[in-house]
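Notes follow once the structure below has been shown.
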Amino acid sequence: MNWMDSNKLIELANTYLPEDKIALVKEAYEFAAKAHRGQVRKTGEPYVEHPLNAAMILAELHLDAETLAAALLHDVPEDCGISLEEIGAKFGLPVVKLVDGVTKLNKLANRAGTGEAKSKAQAENLRKMLLATAEDLRVVLIKLADRLHNMRTLEGLPAEKRRAIAQETLEIYAPLAHRLGMREAKWQLEDLAFRYLKPRVYHQIARLVAGKRAEREGFISEASQMLSQELNKAGIEAKVYGRPKHIYSIYQKMSKYDAQGKKFGDIHDLFALRLLVDSVSDCYKALGVIHTLWRPIPEEFDDFIANPKDNGYQALHTTVMCQGTTPLEIQIRTHNMHRVNEFGVAAHWLYKEGKEGEKSRDEMAWLRQLGDWREELDSEEFLESVKTDVLVDRVFVYTPKGEIKELPRGATPLDFAFRIHTDLGYRCIGAKVNGRLEPLNYALKNGDVVEIMASKVDKGPSLDWLNTELGYVKTSHARSKIRQWFAKQERSQCIETGKQIWDKEVRKLGVGLPGVDEVARLLNYDSADDLFAALGSGSINSSQIMLRLSGALEPTEEGPEVLPARKISPVSINVLGVGDLLTRLANCCHPLPGDKIIGYITQGRGITVHRKDCPNIVHEEEKERLVKVEWGAVAQVYPVTIQIDAWDRVGLVRDVSAIIAEEGVNLSEVSMDNHRDDSVTMHFTLEVKNAAQLSKIMSRIHSVWNVVSVTRKGEISVS
């Protein structure tokens, strides 16, 4: 833009703002142009073009004059050294509050360094931005406009910087725009970010789309003309036009199709129409005309008018077989719906006079939820909360009294309990979903009626609830509440609880640990007591310890290696300091990858590999027959026998077997001994991949009703 381009902003603002408000926008532009005079962007253009473009984006959304003025001034305090007091004196309190909000976000983002410091700064940036959303949505709308123009002019930055900004845009800003219902901004941010993150794929798709353009435009033109004629016959005034598919959405579709063995040519929904009509009744009338003209695909129909999406989106979606063979997507909406669907909450013009804006804000209940987290969570917990609780798909469930509660998709009854009230979550002992008892890790579905069964006494949460492998809680809100409960306990009590967990859950897994002090050091704790305190407070659990010690938490840039399916092989053990000897795994302790192991030289049978904590090795008197060994190539599965002591009941074996089957583990042998006191001892031989997988299975079995203890064969019981 140049000086003349400021007229475009004024012309656009003139279409919806009164004259006295236009004066404020003009004054803000003149002030910003003078303040930024002589400043140049990395792209070589005058700096004032950036705030002017940001204001143009907001004017296209018909935002109020104060927002446009703040957008023009948002970089003045930071880049020009002009105080907020001076801006406030000239433009008033509402404008300066908006400028201050955006300035704080920019300062925080610019302070981001590298590594952990950068991650924390970005988390704090997001926290401030989302809290600003809850307080004054216009701050975030300005920030989104700022980011959108920055993405359009990213070429002037180094490649590494471009990728970092693009990644943040794809992870945070595009989902935020979607959550606010701003589809136009969302797809632009996604396409621009995708262009810098995967430039080769971006241009490949762009060429493919361009290659089909003539075919697509011809098909759409013919279908539009045919449909328009039928709508005219029915007396329905409608605007019919082709709906473009965006490059990032095509990439996502291609990735999905590629997994199904399909190709780009199979993506039929590149053909899409949109109808804009005057009223809701016309939407349904037009739907009838379409289904009369072309055969509909029943499973491809959605009524988002009767059942709007949680971000306010409304339309009718249908897919028909046009000309007999080609699927054609059609969206039907009113002109008002179209504006709301494309521009989201901004389309409501929340800050104009009248009740419409107030109603729009009420419809965004999640905005109020952000404000509730202001003092509860630190920055990194807040970042996790937003990513898992806000920027995701939602489910809507009911309380027994018929109140609707909104939760992330995959949320559980425990998440529901903590969303109702923290105390209810702490006292939760069970849940009924649609009148039936369901486990606390049941994934809630749209329309479920959830009733929480609560203890009359304050029993407190279970540490198992923090075990991510067991899936009891999905939302970080519930997880943080559980952690807070344990954090409030006395350190001495946490240490004592941690020692019990260590004895009952870690040592019993037979990992062959060299000692708690060394484990504490490996996990970066200063002492064994610090490790015990972390275990007792729920900051770390036994499964996480197992994963860390087995090396499963070591990340790789290429992702996890997929091992070929192989059964146990003698060459999976390396004998150190000895020649090529025959090896076999001991039947007494069944060592697994991740266990500390040692070899025992046997006469005529080579080397038998035991766990280092195997009782037969611990009490071995002929120490000279012990030899150092290590794991070599890891086999696909290893047999291990676990012993389950329990009180007998109907369905016990079925419940245990179901857990093993759910984990995808083969069960090769089962035996059971009944005792006179109605107790039972069961032995299950499983084929598992490693100690971490076994840990998860044993933990789940231990939670089965009437199970007293779960141990590996060959270990000394500590229960």
- Pairs only if they're at least six apart or on different chains, beta carbon under 7 angstrom, first in the range 331-347 and within 25 Å of GLU66 (Cβ to Cβ), second among the aliphatic types (A, V, I, L, M) and modelled with pLDDT under 70; list them, first residue then second. ARG339/ALA347; VAL340/ALA347; VAL345/MET364
- Which numbered condition trips up LYS21, out of (1) in contact (Cβ under 8 Å) with a residue 40 or more places away in the chain; (2) closer than 28 Å to GLU155 by Cβ; (3) among the basic types (Lys, Arg)? (2)
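How about the range 271-314: which of its residues are closer than 19 Å to PRO327 by Cα and among the small types (Gly, Ala, Ser)? Give the derivation first.
In the first step, residues of the range 271-314 are kept if they are closer than 19 Å to PRO327 by Cα; the result is 271-275, 286-303.
Selection gives ALA272, ALA286, GLY288.
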- Task: Go through (1) of a type in the set (Lys, Arg); (2) surrounded by 14 or more Cβ atoms within 10 Å (Cβ to Cβ); (3) in a loop (DSSP other than H, G, I, E, B) one by one and return the number of the condition LYS21 breaks.
- Result: (3)
- Message: Just to be sure I understand, how many residues within the range 169-201 are at pLDDT 90 or above and touching a Lys or Arg at 6+ places or on another chain (Cβ under 6 Å)?
- Response: 1
- Message: Out of everything in the range 459-482 that is more than 21 Å from LYS696 (Cα to Cα) and without any contact (Cβ under 8 Å) to a residue 60 or more places away in the chain, what residue ends up being surrounded by the most Cβ atoms within 10 Å (Cβ to Cβ)?
- Response: GLY460
- Query: Can you name the condition, by its number, that ARG654 falls short on among (1) within 19 Å of LEU686 (Cα to Cα); (2) at pLDDT 75 or above; (3) assigned by TED's automatic domain parsing to the domain that holds ILE697?
  - Reply: (2)
- Task: Show the residue pairs that are 6+ apart or on different chains and have beta-carbon atoms under 7 Å apart, the first residue being within the range 301-330 and over 13 Å from ALA223 (Cβ atoms) and of a type in the set (Asp, Glu), the second being surrounded by 15 or more Cβ atoms within 10 Å (Cβ to Cβ) and modelled with pLDDT under 90.
- Result: ASP310/ARG394; ASP310/GLU406
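Results for (1) of a type in the set (Ser, Thr, Tyr); (2) under 20 Å from the mean Cα position of the chain (by Cα), shown as yes or no for each residue.
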| position | (1), (2) |
| --- | --- |
| TYR398 | yes, no |
| LEU407 | no, yes |
| LEU414 | no, yes |
| ALA417 | no, no |
| ILE420 | no, no |
| LEU424 | no, no |
| LYS445 | no, yes |
| VAL457 | no, no |
| LYS488 | no, no |
- Query: Within the group ALA166, ALA223, which residue is in a helix (DSSP H, G or I), of a type in the set (Gly, Ala, Ser) and in the same structural domain as LEU141 (by TED's automatic domain parsing)?
  - Reply: ALA166
- Message: Suppose the filter is surrounded by 13 or more Cβ atoms within 10 Å (Cβ to Cβ) and under 28 Å from PRO593 (Cα atoms); does LEU686 pass it?
- Response: yes
- Can you tell which of LEU130, LEU154, LEU126 is at pLDDT 85 or above and either of a type outside the set (Gly, Ala, Ser) or farther than 19 Å from LEU98 by Cβ (or both)? LEU154
- Task: Restricting attention to the range 607-625, report how many residues are at pLDDT below 80 and buried (at least 16 other Cβ atoms within 10 Å of the Cβ).
- Result: 1
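The values are calculated or read from the model by the stated rules, or taken from the named source; none is laboratory data. Here the structure is a predicted model, which means the values were calculated and not measured. Heads up, the Cβs are rebuilt from the backbone with ideal geometry, glycines too, and the neighbour counts pull from every protein chain shown.
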